There are 2 protein chains.
Amino acid sequence: MDAGLGFLLARGGGRAIRTFNRALQPFGVRSRHYMVLLVAIQAGGCSQRDLGVALDVDPSVVVSLVDDLEREGLVRRETRPADRRTRLVTATPAGLDLLDRLRALSQRVDHELTAGLDADERATLLSLLRRVALG
Amino acid sequence: MDAGLGFLLARGGGRAIRTFNRALQPFGVRSRHYMVLLVAIQAGGCSQRDLGVALDVDPSVVVSLVDDLEREGLVRRETRPADRRTRLVTATPAGLDLLDRLRALSQRVDHELTAGLDADERATLLSLLRRVALG
DNA sequence: TATTGTTATACTCTATAACTATA
DNA sequence: TATAGTTATAGAGTATAACAATA
């Protein structure tokens, strides 16, 4: 099929999300929850606004994702005295523990998605995607 | 950010769909309608089942996409005497005409999405994506 | 029995606007 | 006034199951 680049991106992205979500099912979270956990932990605590920027989603979406994670005891919202508008999202020990396992899972899924590529090709794709998907 | 390949694919795909849909707005269709038109015309008529396979979507989704296009007079459903279960989706002259314009639009959007890449890099990305997104 | 298309339904995702509390 | 977070809502996308017509 004479598919354009945008179509291939969209289709590959859909496939990536579905595959990862299926793999995440036993853990009771979905791919976006994983991303929130990942960003919050890597930053050592992160405002919801910054989470929205990092994930490229609306602040209102961040609210419900953090709600879900908080309900599961995986993150906490802390109010910072410096600016009492912002809520600093930090991981609990349970959140840190879960992220460790999900990181490995994420790598397995990435590998499965690119099963047809060798290591060099995978690295090339990753670097090109970074320049297209971010910024 | 330490983003995995799946995350970058998902994010790039989302960006591609949103950008293309915005560009398509004046034409009254969305990206999936474009894909249906494209596949149906390239195949010179296509069953709904095959459209679903080509687009990687459920048959029930194809129904509503073809409904939309038929309502706009862009495609027709023909019953084939050979197998009266299948509906052959073919483009009308108006559909062919629209596709011509949308093809150019799609190329512009693809170019915009990969604005940071040179021609070689764009070709490499396209070929790698084909192997990841299809099959 | 199996397949094509259809309908119905529920859930997720996306996008927007309006509101609150703080600055 | 502007910003961070929240709530509400509508529209689009996704996933499933059940059904009719036909093979």
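The values are calculated or read from the model by the stated rules, or taken from the named source; none is laboratory data. Computed from a predicted structure; not experimentally measured. Positions of Cβ are generated from backbone atoms using ideal geometry, with glycine treated the same way; all protein chains shown enter the neighbour counts.
Can residue B:71 be described as more than 11 Å from DNA strand C (Cβ to nearest atom) and away from every other protein chain (no Cβ under 11 Å)? Against the criterion (more than 11 Å from DNA strand C (Cβ to nearest atom) and away from every other protein chain (no Cβ under 11 Å)), residue B:71 qualifies.
Look at the stretch B:50-64 and say how many of its residues are more than 14 Å from chain A (Cβ to nearest Cβ) and within 8 Å of DNA strand D (Cβ to nearest atom). Walk me through it before giving the result.
Of all residues in the stretch B:50-64, those more than 14 Å from chain A (Cβ to nearest Cβ) come to B:59-60, B:62-64.
Narrowing further to those that are within 8 Å of DNA strand D (Cβ to nearest atom): B:59-60, B:64.
The qualifying residues number 3.
Residue A:106 meets the conditions (1) near DNA strand D (Cβ under 9 Å from one of its atoms); (2) within 14 Å of the chain's Cα centre (by Cα) in every case but one. The failed one is (1).
Restricting attention to the stretch B:90-107, the residues that are away from chain A (no Cβ under 12 Å), touching a helix residue (DSSP H, G or I) at 6+ places or on another chain (Cβ under 8 Å) and in a helix (DSSP H, G or I) add up to 4.
Among the residues that make up the stretch A:38-47, is at least one of them within 14 Å of DNA strand C (Cβ to nearest atom), away from chain B (no Cβ under 13 Å) and under 13 Å from the mean Cα position of the chain (by Cα)?
Going residue by residue through the stretch A:38-47, those that are within 14 Å of DNA strand C (Cβ to nearest atom) are A:47.
Filter once more, so that each one left must be away from chain B (no Cβ under 13 Å): A:47.
Okay, now just the ones that are also under 13 Å from the mean Cα position of the chain (by Cα), so none.
So far as the stretch A:38-47 goes, no, none of its residues is within 14 Å of DNA strand C (Cβ to nearest atom), away from chain B (no Cβ under 13 Å) and under 13 Å from the mean Cα position of the chain (by Cα).
Out of A:32, A:18, A:122, A:130, one residue alone is within 16 Å of DNA strand D (Cβ to nearest atom), part of a helix (DSSP H, G or I), free of Cβ contacts under 8 Å to residues at least 24 places away in the same chain and within 13 Å of chain B (Cβ to nearest Cβ). It is A:18. Do we find that residue A:110 is in a helix (DSSP H, G or I), acidic (Asp, Glu), loosely packed, with under 15 Cβ neighbours inside 10 Å and at negative phi in this structure? No: the conditions fail for residue A:110.
Among the candidates B:20, B:7, the residue that is aromatic (Phe, Trp, Tyr), in contact with a Phe, Trp or Tyr (Cβ under 8 Å, 6 or more places away or on another chain) and within 24 Å of residue A:125 (Cβ to Cβ) is uniquely B:20. Check whether at least one residue in the stretch A:81-89 is more than 12 Å from chain B (Cβ to nearest Cβ), at pLDDT below 95 and more than 21 Å from residue A:134 (Cβ to Cβ), and report yes or no. The answer is yes; a qualifying residue exists.
Conditions first: (1) within 25 Å of residue A:13 (Cβ to Cβ); (2) more than 15 Å from the chain's Cα centre (by Cα); (3) assigned to a loop (DSSP other than H, G, I, E, B). Residue B:60 passes all but one, so which condition is the exception? Exception for residue B:60: condition (3). Selection of the stretch B:65-93 for residues being surrounded by fewer than 13 Cβ atoms within 10 Å (Cβ to Cβ) and either away from DNA strand D (no atom under 13 Å from the Cβ) or within 20 Å of residue B:28 (Cβ to Cβ) (or both) yields B:67, B:71, B:73, B:78, B:93.
Just one residue in the set B:74, B:99 is in contact with a Leu (Cβ under 7 Å, 6 or more places away or on another chain) and touching a residue at least 60 places away in the same chain (Cβ under 8 Å); that residue is B:99.
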